[in-house]
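Asker: Before I ask anything, let me first share the structure, which is written out below as structure tokens.
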Amino acid sequence: MLDLPLAHVAHDRAAHRRSKPGLVDDLLAVRETRVLLVSSGRVAAAGHTPALLPAHEAVVGQGSEHYFLGEADDVAYLARPVPGVADGEPAALPAGLAWITPRDLADSGDPLATGLAVEAVALANWHDRAARCPRCGEPTQVAAAGWVRRCAGDDLEHYPRTDPAVIMSIVDDDDRLLLGRGPSWPPGSMSVLAGFVEPGESAEYAVAREAMEEAGVAVARIEYRASQPWPMPASLMLGFRAHAETTELRPDGDEVSELRWFTREELSAARADGSLRLSGRASIARSLIEEWFGGRIGD
Ligand SMILES: [Zn+2]
């Protein structure tokens, strides 16, 4: 099994409750209800653990919307989006709390808070980009406790979006792993290849297409491994393992500027001498690399 820090879900989304009229107001009146503050792709947290606050402590910044995230052990959870202040910076938080991104959740240590935070960020990111109807351009309004936006112009309902992307460990006949570096990444930072699934193609086809486009490598035996939400801003990462039929590397220069095959020994040595930086602990990229490596790779 892959260890996927952002894939934990310890709560019931209770989707059947979302359309109940007045649900959010009813829940805000319940003392046990807890609220997660979310702003500009971040959640309020104490250390690395998202803060699940009583409603009266979760009054920060402008705005009064809430989204229903679900429930666990008879406690309901809401997200409260806090509009950013200047330049996309999130609003100031009370003492003891700070804004963290989903990347920081690998160290959360609280599966319930982590699952709620990933859901809250993904949902809030969608709301941020769905203020107007893509069909007629009129403003949209929140409905169904945050799970629908309805167009004021033509009454069309819009639903939260998740964009599928593929990410794949590509391994050759000698059991070497292919890693690449994007042109804008710091020197030494490398990861497995990834790319968005395009309209009209399967995830497996996207794996083969991206491997050829980005690296010039033909792959076969494409096997699905696991998936993980990656709400930055709206991806669902579909993890695969693929076998390289060719090993000559041809970086496309656009999305990938450097490519290299690694044996486990070479990867260990590059980590030890500081010349290789891998994707963070929260990423499925790290999990795919460690699956090939055969164990956890230290930070
Ligand atoms: Zn419309």
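Asker: Does segment 117-130 contain at least one residue that is free of Cβ contacts under 8 Å to residues at least 12 places away in the same chain, more than 23 Å from L28 (Cα to Cα), surrounded by fewer than 21 Cβ atoms within 10 Å (Cβ to Cβ) and within 16 Å of the ligand (Cβ to nearest atom)?
Answerer: no
Asker: Right, another one. When you go through L288, L236 one by one, which is the residue that is open to solvent by less than 30 Å² (accessible area, probe 1.4 Å), within 26 Å of P164 (Cα to Cα), in contact with a Ser or Thr (Cβ under 7 Å, 6 or more places away or on another chain) and not small (G, A, S)? Full working, then the answer.
Answerer: On the way: L236 fails: open to solvent by less than 30 Å² (accessible area, probe 1.4 Å).
Step by step, each of L288, L236 is checked, and only L288 is open to solvent by less than 30 Å² (accessible area, probe 1.4 Å), within 26 Å of P164 (Cα to Cα), in contact with a Ser or Thr (Cβ under 7 Å, 6 or more places away or on another chain) and not small (G, A, S).
Asker: For segment 22-32, indicate whether the set of residues that are in a loop (DSSP other than H, G, I, E, B) and crowded, with 17+ Cβ neighbours inside 10 Å is non-empty.
Answerer: Filtering segment 22-32 for residues in a loop (DSSP other than H, G, I, E, B) gives 22, 29-32.
Checking which are crowded, with 17+ Cβ neighbours inside 10 Å leaves us with none.
No: segment 22-32 contains no residue that is in a loop (DSSP other than H, G, I, E, B) and crowded, with 17+ Cβ neighbours inside 10 Å.
Asker: Can I ask one more? Looking at A58, A91, can you tell me which residue is closer than 28 Å to A282 by Cα, at pLDDT below 90 and open to solvent by less than 20 Å² (accessible area, probe 1.4 Å)? I'd like the intermediate steps shown before the answer.
Answerer: Working: A58 fails: at pLDDT below 90.
Of A58, A91, the one residue that is closer than 28 Å to A282 by Cα, at pLDDT below 90 and open to solvent by less than 20 Å² (accessible area, probe 1.4 Å) is A91.
Asker: For the condition open to solvent by 40 Å² or more (accessible area, probe 1.4 Å), at negative phi and assigned to a loop (DSSP other than H, G, I, E, B), what is the one hit in G280, G253?
Answerer: G280
Asker: Hey, P81 hits all of (1) surrounded by 18 or more Cβ atoms within 10 Å (Cβ to Cβ); (2) of a type outside the set (D, E, K, R); (3) free of Cβ contacts under 8 Å to residues at least 40 places away in the same chain but one; which does it fall short on?
Answerer: (3)
Asker: I would also like to ask the following. Check off (1) within 16 Å of the ligand (Cβ to nearest atom); (2) buried (at least 18 other Cβ atoms within 10 Å of the Cβ) for L97 and give me the number that stays unchecked.
Answerer: (1)
Asker: G182: touching an Asp or Glu at 6+ places or on another chain (Cβ under 8 Å) and at positive phi, yes or no? Before you say what the answer is, go through the steps one by one.
Answerer: Values: touching an Asp or Glu at 6+ places or on another chain (Cβ under 8 Å): yes; at positive phi: no.
Considered against the rule, which asks whether it is touching an Asp or Glu at 6+ places or on another chain (Cβ under 8 Å) and at positive phi, G182 comes out as no.
Asker: Of all residues in segment 218-232, which are open to solvent by 30 Å² or more (accessible area, probe 1.4 Å) and either closer than 17 Å to A285 by Cα or modelled with pLDDT under 95 (or both)?
Answerer: Residues satisfying the conditions are I222, E223, Y224, R225, S227, P229, W230, M232.
Asker: Can you pull out the residues in segment 33-55 that are open to solvent by 40 Å² or more (accessible area, probe 1.4 Å), under 12 Å from A120 (Cβ atoms) and part of a loop (DSSP other than H, G, I, E, B)?
Answerer: L52
Asker: Checking E138 against (1) over 19 Å from P231 (Cβ atoms); (2) charged (D, E, K, R); (3) surrounded by 11 or more Cβ atoms within 10 Å (Cβ to Cβ); (4) more than 16 Å from the ligand (Cβ to nearest atom), only one condition comes out false. Which one?
Answerer: (4)
Asker: Working only within segment 34-70, note down all residues that are under 22 Å from Q141 (Cα atoms) and not aliphatic (A, V, I, L, M). Give the derivation first.
Answerer: To start, the set of residues in segment 34-70 that are under 22 Å from Q141 (Cα atoms) comprises 35-41, 59-70.
Across segment 34-70, the qualifying residues are S39, S40, G41, G61, Q62, G63, S64, E65, H66, Y67, F68, G70.
Asker: Now a separate question. Mind checking which pairs have a first residue in segment 153-177 that is away from the ligand (no atom under 16 Å from the Cβ) and a second that is open to solvent by 50 Å² or more (accessible area, probe 1.4 Å), Cβ under 6 Å, 6 or more apart or different chains?
Answerer: Hits for this filter: T162/L236; P164/L236; A165/F196; S169/R241; D172/T247.
Asker: Related question: Of the residues that make up segment 202-215, is at least one touching a residue at least 24 places away in the same chain (Cβ under 8 Å), buried (at least 16 other Cβ atoms within 10 Å of the Cβ), within 29 Å of G274 (Cα to Cα) and not acidic (D, E)?
Answerer: The answer is yes; a qualifying residue exists.
The values are calculated or read from the model by the stated rules, or taken from the named source; none is laboratory data. Predicted model only: the values in this text are computed from it and were never measured. FYI the Cβ positions are ideal-geometry reconstructions off the backbone, even for glycines, and counts take in every protein chain you see. For the accessible areas, the whole protein counts, side chains as well, though only heavy atoms, and no ligand, DNA or RNA atoms are used. Shrake-Rupley method; radii C 1.70, N 1.55, O 1.52, S 1.80 Å.
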